[in-house]
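The structure appears below as structure tokens.
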Amino acid sequence: MRFVNLLKIALRALNNNKLRCFLTMLGIIIGVASVITMLAIGQGSKNSIKAQISEMGSNMLMIFPGSGQRGGVRQSADDMQTLKVEDYEVIRDNAKFVSAISPQVSSAGQFVNGNNNYPSQLSGITPDYLNIRKLNVDEGEMFSDHDIATAAKVCVVGRTVVNELFPNGENPLGKVIRFNKIPLTIVGVLEEKGTNSMGQDQDDVVLAPYTTVMKRVLAIDYIQGLFASALNENLSDEASDEITQLLRANHKLKDEAEDDFQIRSQQELSEMMSSTSDMMTVLLACIAGISLLVGGIGIMNIMYVSVTERTREIGLRMAIGARGIDILSQFLIEAIIISVTGGIIGILVGVLASWLVNVIMQWPVYIQAYSVLLSFVVCTVTGVFFGWYPARKAANLDPIEAIRYE
Amino acid sequence: MSERDIIVIDRIRRNFVVGDETVKALRGVSFRIKEGEFVTIMGTSGSGKSTLLNILGCLDTPTSGEYLLDGISVQKMSKNQRAIVRNRKIGFVFQNYNLLPKTTSLDNVELPLLYNSAFNAKERRERAIKALDAVGLHERLYHKSNQMSGGQQQRVAIARALVNDPVIILADEATGNLDTRTSFSILTLFQELHARGRTIIFVTHNPELADYSSRNIVLRDGKIVSDTINEHPASAKTAYDALPKEND
């Protein structure tokens with residue numbers, strides 16, 4: 001029996017029942033369309049989170065003092081003074097997988113310009129910090145290494161701070177603002193970055209040489225943390241290991257001793273955040289999958305009714321020479337045609353719906369090739385799976401009884 | 001008339017087990033049918049004629065006895081082999097036509113050839129047109145089955161039975177659903193096919209039809225009670241012409 005003939009037979013049979021055929025397809029169409037749309041929305045939000053994180057510097061490593069936990073008591077990282085400026089210098093001079101590194105010391109407090117004041121955070125860093133955090137100086141310029149060496153009283157401010165301290169739109173460059181009575185000359189303004197995915201205003205910052213903050217503001221001899229950049233995203237594990245070794249050697253830690261610092265990578269953060277959105281995606285896909293299942297059961301239901309309704313036709317086909325396998329194939333092909341056609345229409349509807357969600361609700365969507373492929377495969381499998389039982393029932397009919405069935 | 005036996009059945013028995021009772025539908029039926037015969041098989045309901053037809057049509061197998069169709073022993077065949085025999089050697093005509101609904105005459109007639117991979121689309125079409133010509137429906141090739149009268153539908157069904165060039169045509173009460181006039185026109189068609197050398201078995205409970213066949217076998221309670229050759233069958237065409245014409 002040639003497959004082409006069976007296909008022809010199945011197509012003719014479907015053609016005789018266009019409305020029912022379409023209604024059956026509807027279940028599959030809705031199922032597939034919702035799977036595609038849900039996955040597109042899930043993936044879209046995941047991608048936008050990823051993009052925001054990598055905007056913050058995807059290969060960024062953060063090194064904090066302390067092991068986080070000691071003797072069962074969790075200690076505040078601020079109280080620990082294990083990281084020194086020498087640690088920074090060692091990593092800067094020796095690490096091969098680290099492209100940029102900056103120490104970080106910070107102090108929160110009130111910034112004052114005349115009669116305007118604004119609470120913000122003063123971060124003491126090196127110019128490398130800009131590369132690590134993907135920041136740019138918009139107006140003016142970054143302070144120099146010379147400013148660091150001399151602990152110069154200069155700062156670079158974020159746009160939010162500028163707006164708060166200079167509400168009349170004056171040019172902040174060259175102006176002196178005060179932080180804890182220490183005058184700082186504004187030498188540059190950072191390019192606007194907006195809020196990040198966690199709702200933090202990334203423009204609410206004031207950057208100064210770390211030496212200035214250490215000596216003039218906090219009067220400390222340790223640093224509160226280090227920001228580093230791995231050469232690229234894939235090397236952040238290597239960079240992390242390298243820093244660990246350098247710091248352990250520098251701190252003269254014995255082999256069995258715990259690290260007195262901890263390294264966090266942006267990758268971890270990114271993984272954590274995308275695992276949340278992954279869970280959402282799985283949840284959405286589950287709901288959509290259930291609707292696909294319901295669609296499949298719809299196919300089975302209709303195929304069953306169809307077999308009963310067409311008992312005489314099946315009997316006739318057998319009488320004129322159709323074998324069981326021919327009848328089985330015919331009904332299976334009918335089920336597969338319904339599910340595959342429904343799947344293709346569903347994919348189109350899903351793509352259209354994703355696009356509408358993007359245009360009307362402004363949600364980020366991203367349709368992955370795999371989700372389209374997956375839906376298509378699931379549809380075909382659904383067709384075979386749910387078409388099989390009714391088809392077998394048809395094939396096992398007794399032609400003598402079937403042909404005289406009323 | 002050739003002497004080739006198309007059908008040889010020898011002491012055919014068929015028992016059905018219903019619950020714990022055994023119903024003997026056929027109790028040893030034997031006959032031979034030669035090529036070119038037009039045989040009517042008669043009997044009241046319960047006589048076993050349907051069971052006999054099912055066996056002759058390879059839809060069913062006898063409990064015991066021998067059945068040779070065109071020289072091939074059928075009763076040992078598997079279901080699939082019998083399906084192929086039905087497809088290649090038998091043409092069925094049923095009481096209720098059994099055409100596919102909403103399907104054109106051509107597609108209906110082509111159906112048996114779709115289950116035979118020896119034919120391509122062009123050959124199928126040619127044969128179907130030829131078969132429809134033979135039953136006088138060459139002007140209704142593209143009419144759908146639900147747009148035709150009972151007589152026309154039965155003609156399509158006969159064309160479908162002819163299309164695979166079978167060794168035998170099995171008709172099951174083929175005129176049972178038709179009015180007298182149409183019955184005679186269908187009967188005329190059967191006689192024409194017979195005249196062209198077709199072997200036909202016509203199963204019916206209507207005793208009048210025996211006059212129009214070349215041989216009549218009567219069954220009662222699963223046994224043959226008479227098997228008579230009709231040397232001079234009446235012409236269905238004459239009977240048809242003699243019927244009062246419908247004036248409305």
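Read-outs throughout are calculated quantities, based only on the coordinates presented, and are distinct from any laboratory measurement. Model, not experiment: these values are computed from the prediction. All Cβ positions, glycine included, derive from the backbone under ideal geometry; neighbour counts span all protein chains shown.
Show me, bin by bin at 5 Å from 0, the whole-percent P(r) of region B:61-203 based on Cα pairs.
2, 10, 19, 22, 20, 13, 8, 4, 1, 0
Quick check of the Kirkwood formula: for region A:263-358, what is the inverse mean of 1/r over all pairs of different Cα atoms, in Å?
17.3
Provide Rg and Dmax in Å for region A:93-172, with only Cα atoms included in the calculation.
14.5, 48
List the aspartates and glutamates whose Cα sits under 19 Å from the Cα of A:Lys18, skipping any in the same chain fewer than 8 residues away.
Reachable aspartates and glutamates: A:Glu309, A:Glu313, A:Glu334, B:Asp107.
Which log10 I(q)/I(0) values, to two decimals, does chain B give at q = 0.10, 0.16, 0.17 Å⁻¹ under the Debye formula with one point per Cα?
Relative scattering, expressed as log10 I(q)/I(0), comes to -0.48, -1.22, -1.34.
Could you give the distance between the Cα centres of region B:80-94 and region A:90-150, to the whole Å?
With region B:80-94 and region A:90-150 each reduced to a Cα centre, they are spaced 91 Å.
If you average the sequence gap of Cα pairs under 8 Å that are 6 or more apart and divide by the length of chain A, what percent do you get for the contact order?
29
What is the fewest-to-most order of B:Val17, A:Val112 by other Cβ atoms lying within 10 Å of their Cβ?
Exposure proxy ranking, most exposed first: B:Val17, A:Val112.
Would you mind checking the pairs A:Lys134/A:Lys175; B:Lys89/B:Lys237; A:Lys50/A:Lys96; B:Lys89/B:Lys130; A:Lys8/B:Lys102; A:Lys193/A:Lys215 and listing those with alpha carbons more than 21 angstrom apart?
Beyond 21 Å between Cα atoms: A:Lys134/A:Lys175; B:Lys89/B:Lys237; A:Lys50/A:Lys96; A:Lys193/A:Lys215.
Calculate, axis by axis, the spread of Cα positions in the protein assembly as shown along the three principal axes, and write the results as whole Å, longest axis first.
Computed over the protein assembly as shown, the largest-to-smallest principal extents equal 134, 62, 41 Å.
Where a Cα-Cα gap under 14 Å defines reach, which aspartates and glutamates qualify for B:Lys76, not counting those fewer than 8 residues away within the same chain?
B:Lys76 reaches B:Asp60, B:Glu66.
Based on alpha-carbon centroids, what's the gap between region B:7-62 and region A:262-309 in Å, whole number please?
The two parts, judged by their Cα centres, are 59 Å apart.
Toward the positive end of the charge dipole of the protein assembly as shown, about the Cα centre and with charges on Cβ (Lys, Arg +1; Asp, Glu -1), which of A:Gly295, A:Asn116, B:Ile90 goes farthest?
B:Ile90
At a threshold of 8 angstrom on Cα-Cα distance, excluding pairs fewer than six apart, so keeping six or more, what relative contact order does region A:199-330 reach in percent?
The normalised contact order for region A:199-330 reaches 10 percent.
Using all C-alpha to C-alpha distances in region A:203-250, build P(r) with 5 Å bins and read off the rounded percent in each one.
Values per bin, smallest distances first: 5, 16, 18, 17, 14, 19, 10, 2.
Working from Cα positions, state the angle (0 to 90°, nearest 10) between the long axis of helix A:369-395 and the longest principal axis of chain A.
20
Throw me the Rg/Rh for region A:81-259, computed over C-alpha atoms with Kirkwood Rh, two decimals.
1.01
When only C-alpha pairs under 8 Å and at least 6 residues apart count, what is the relative contact order of chain B, in percent?
Relative contact order, chain B: 26 percent.
Magnitude of the Cβ-charge dipole of chain A, K/R +1 and D/E -1, about the Cα centre, nearest 20 debye?
2100
Along Cα→Cβ, 7 Å out, is where each label goes; now give me the distance between the ones at B:Lys122 and A:Lys18 in nm to one decimal.
Between B:Lys122 and A:Lys18, the simple spin-label model gives 3.1 nm.
Using a 10 Å cut-off on Cβ to Cβ distances, tally the other chain neighbours for every residue of B:93-101 and report the average as a whole number.
4
Taking only Cα atoms and a 10 Å spring cutoff, compute GNM fluctuations for chain B and point out the largest among B:Ser117, B:Ser105, B:Ser47.
It is B:Ser117.
Ratio of Rg to Rh for region B:31-111, alpha carbon only, Kirkwood?
Rounded to two decimals, Rg over Rh is 0.99.
Using all C-alpha to C-alpha distances in region A:200-313, build P(r) with 10 Å bins and read off the rounded percent in each one.
10, 18, 22, 15, 9, 9, 8, 6, 3, 1
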